[in-house]
Amino acid sequence: MEFAGTFWALVPPLVAIVLALITKETFSSLFVGILVGALLLANFNIIDTVNYIILGTIGEGDDAMGVGFINAISDPWNAGIFIFLVMLGIIVALINVAGGSAAFGAWAAKHIKSRVGASLATFLLGVLIFVDDYFNCLTVGAVMRPVTDVQKISRAKLSYIIDATAAPICMIAPISSWAAAVSATAADLDTGITGIQLFVQAIPYNFYSLLTIVFVVGICILGFDYGPMAKAEFEAYKNGQLGSLGNEEVVDNKRASLWDMLVPVILLIVFCILGMLYIGGFWDPEAEGYMSLTLAFGNTDASVGLPWGSLIAVILSFIYLVARRVVSFKDATGCFVDGFKAMVPAMLILTFALTLKLTTSALGADVYVAGLMEGAADSLFKMLPAIIFLVAVGLAFSTGTSWGTFGILIPIVLPIFSNDPSLLTIGISACLAGAVCGDHISPISDTTIMASAGANVNHVDHVSTQLPYALTVAGVSFVCFIVAGFVQNPFICLALGVVLVIAVLFVLRATVGKKSLEDRATHAA
């Protein structure tokens, strides 16, 4: 493969991303990206190209790497996430058919009386569900759609808040699947501390995740929007065009109550957490000593724990709603098919995105990025955290994987800062923050896809509307990492970042956001 380990490794995802943003067509854009990658892998041999698209292997022995749709679908992790998607779709269908969504919407209309309240309630729920980003996106979306619809908040805005409280929150939560992933990446590296300790030490310097929280709260309270989001919000507020993909028939069942929404959701949350703890060995009688929550989450496998918990939640929700007589046994059984159908678009996009990631990995994107990092380390040592942040953003944006990004970069960063513990922590934080940022803005990111599915909005609309918001926070974060390389005090740097985010919000509100406020005021009058 003459293109392996060069800039060409990033061309397939970049082609897919650019096409998606231009054409607004997700599936065809992703497929073209896969096709370009397969052509590069096959050195433009047509037969080999088809093989790499369907099922192929690069390398031999322990270095062999599978590519193609079949490898993407058959991977145990991906298969587990697909099962979780189906289970969640079934629970949402059960809640809708039983009238729980309508009952919850009616309750919300009485108690949440403003757009600010609905936005902040969505944000708060996203913060509370910090265990896993997939779980966060889909659960928050299913619960909050009726609330935000009543307040005429666009699905684009809903999907942004969901996305902004998924990966960024998980990345600063020591008890989460993301903490487990970082810990596992650093476990076998010579750092002098455990992987989870390294993760915790990096939290104060994770500027993108922390400042995203400030930004979301600020833009919700100030009540303005800019960029494509302003147009989406105006259409929702003025014309009631929320941007939903449809297929959300709300059943108004007089027998239904608020609990017909809350009980299934609570069951889902409780048993998914228990499932992840169980798979992580929290109750393993053979485990030596006391198995802490943090250690259990460090050992868990979300692709098994989430389906494990969601299956139990589906069964108990089915029994509860049928026993309550808010839905017949026949209608409840029909929800199994309806729930699967509702998740097909998300599963299809995810399959294409995962296949593209395999292609990018096979082309050696990690080798190319490693070369860039080594070149920068020699001449720009104090500026390196900011450079690492940018490299991580670019890599995660291009490949659509944050876990893969910090998995590539952390082993590269550790030797660079081996003699400077302070800069080592900042460098690791830059890896993690950049990985989250790139994942947040990438159209081929699985978390971004999940946020679109949770809000039931067109995927490209979600990407294009949230891009200016995420880039705003990324710009402030970049400045903070420049300062951190010299100051090396997390509190000073974070305080600077908070001030900059608030200042930027007020400037945007007075300039580009002024029109959105005037439009809403005119319509209200």
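The values are calculated or read from the model by the stated rules, or taken from the named source; none is laboratory data. From a predicted model like this one, the values you see are computed outputs, not experimental measurements. Cβ: placed from backbone, ideal geometry, glycine included. Neighbour counts: every protein chain shown. Protein only, heavy atoms only, side chains kept; ligands, DNA and RNA dropped before computing areas. Shrake-Rupley method; radii C 1.70, N 1.55, O 1.52, S 1.80 Å.
Data overview
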read-out	value
Qualifying positions in region 490-509 - over 18 Å from CYS220 (Cβ atoms) and either open to solvent by 80 Å² or more (accessible area, probe 1.4 Å) or touching a helix residue (DSSP H, G or I) at 6+ places or on another chain (Cβ under 7 Å) (or both)	PRO490, PHE491, ILE492, CYS493, LEU494, LEU496, GLY497, VAL499, LEU500
Any hit, region 415-437, residues being in a helix (DSSP H, G or I), within 18 Å of the chain's Cα centre (by Cα), at pLDDT 85 or above and within 18 Å of LEU358 (Cα to Cα)	yes
Conditions (1) of a type in the set (S, T, N, Q); (2) under 30 Å from VAL217 (Cα atoms); (3) out of contact with any Gly (no Cβ under 9 Å at 6 or more places or on another chain); number of the one not met by ASN136	(3)
Considering residues of region 74-98 that are more than 21 Å from ASP260 (Cα to Cα), touching a helix residue (DSSP H, G or I) at 6+ places or on another chain (Cβ under 6 Å) and of a type outside the set (Phe, Trp, Tyr) only, the residue most open to solvent (accessible area, probe 1.4 Å)	ILE83
Qualifying residue in region 415-424 (condition: touching a residue at least 24 places away in the same chain (Cβ under 8 Å) and buried (at least 24 other Cβ atoms within 10 Å of the Cβ))	no
Whichever residue in region 271-286 is assigned to a loop (DSSP other than H, G, I, E, B) and open to solvent by 50 Å² or more (accessible area, probe 1.4 Å) and, among such residues, is farthest from THR139 (Cα to Cα)	GLU286
Selected residue (criterion: farthest from TYR226 (Cα to Cα)) from residues of region 472-488 that are surrounded by fewer than 18 Cβ atoms within 10 Å (Cβ to Cβ) and modelled with pLDDT of 95 or more	VAL479
Qualifying residues in region 102-133 (those that are assigned to a helix (DSSP H, G or I) and crowded, with 24+ Cβ neighbours inside 10 Å) - the one nearest to the chain's Cα centre (by Cα)	ASP133
Qualifying residue in region 258-268 (condition: surrounded by fewer than 18 Cβ atoms within 10 Å (Cβ to Cβ), touching a Phe, Trp or Tyr at 6+ places or on another chain (Cβ under 9 Å) and within 30 Å of PHE506 (Cβ to Cβ))	no
